[in-house]
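*Asks:* Before I ask anything, let me first share the structure, which is written out below as structure tokens.
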Amino acid sequence: MDKKYLHSTSGRGPAECCWVVAQLVKYLFKKVEKQNLKIEMIDKVVGDHPSTLKSAFLCLEGENVISFCEEWEGSILWIGKSPYRKFHKRKNWFIGVNQLFPQNVTSFNEKDLRFDVMRASGAGGQHVNRTESAVRAIHIPTGLVTYSQEQRSQYQNKKIAIERLKLLLLAYQQEQVAEQHIEQWENHLSLERGNPVKTFEGIKFSLKK
């Protein structure tokens, strides 16, 4: 089964862009259900306002997931009045969506990692409560953290935590690039601003045909 990763970010955009990221995530969760795809939120950075996200890191699995992700990669435009600034004249708000590829991670060295082991929590029966199989991986230079408790084996959970950390580091790296791109959109220096891959409008966040 194919697996792909999407990273949506508001870059340096204002609260309205963070609102768009959160709305897009909700939209994608509903969208993939209709296409028999699986979707999971791997990581997120919460915005300053309730129900907003500065960025979201999603894992998608299933048939046709490759074409689905390609369809959403690029800039996303939402047309609507600011939910936070009543008299603000601007109505066009942009965010970025990028695919993440684990093999493209640069400057990743396992010597920079620290691992904590602990008992897994939640459902899983007696085994979960008795053994320290859960693993938390910390990337010391950036402070990024991932966690895995899905497997009964500590070794397997460590592998999963490392792979997630690689992706999180890649998302972190691409976040810097996205911030630069979005800053260009704000300054009208990029043609990407006029060429979104998807356009939404209205407070109900409906896809504009």
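*Asks:* At 1.4 Å probe size, what's the solvent-accessible area of TYR155? Round to the nearest 10 Å².
*Replies:* Approximately 150 Å² of TYR155 is accessible to the 1.4 Å probe.
*Asks:* Let me ask another. Given axes a ≥ b ≥ c from the Cα gyration tensor, I'd like to know whether region 41-88 is rounded (a/c under 1.5), prolate (a/b larger than b/c) or oblate.
*Replies:* Oblate, because a/c is 1.5 or more while a/b does not exceed b/c.
*Asks:* Rounded, prolate or oblate, given the Cα gyration tensor of region 1-47, with a/c below 1.5 counting as rounded?
*Replies:* It is prolate, given that a/c is not under 1.5 and a/b is the larger ratio.
*Asks:* Probe radius 1.4 Å, ligands and nucleic acids ignored: give me the carbon and sulfur share of the accessible area of region 134-173 as a rounded percent.
*Replies:* 51
*Asks:* Among the lysines, which fall within straight-line cross-link reach of LYS159, defined as a Cα-Cα distance under 25 Å, with same-chain neighbours fewer than 8 residues apart omitted?
*Replies:* List returned: LYS3, LYS4, LYS38, LYS44, LYS111.
*Asks:* What percent of all Cα-Cα pairs in region 1-85 falls in each 5 Å bin, counting up from 0?
*Replies:* It works out to 3, 14, 27, 23, 16, 10, 5, 1, 0, in whole percents.
*Asks:* Less than 19 Å apart at the alpha-carbon level, and either on another chain or at least 8 residues along: which lysines does that give for LYS208?
*Replies:* LYS26, LYS30, LYS31, LYS34, LYS81, LYS91, LYS198
*Asks:* Excluding ligands and nucleic acids, what accessible area in Å² is computed for TRP93 using a 1.4 Å probe, to the nearest 10?
*Replies:* 0
The values are calculated or read from the model by the stated rules, or taken from the named source; none is laboratory data. Just so you know, these numbers come straight off a predicted model, no measurement behind them. Note: accessible area is taken over every heavy atom of the protein model, side chains too, but ligands, DNA and RNA are not part of it. Shrake-Rupley method; radii C 1.70, N 1.55, O 1.52, S 1.80 Å.
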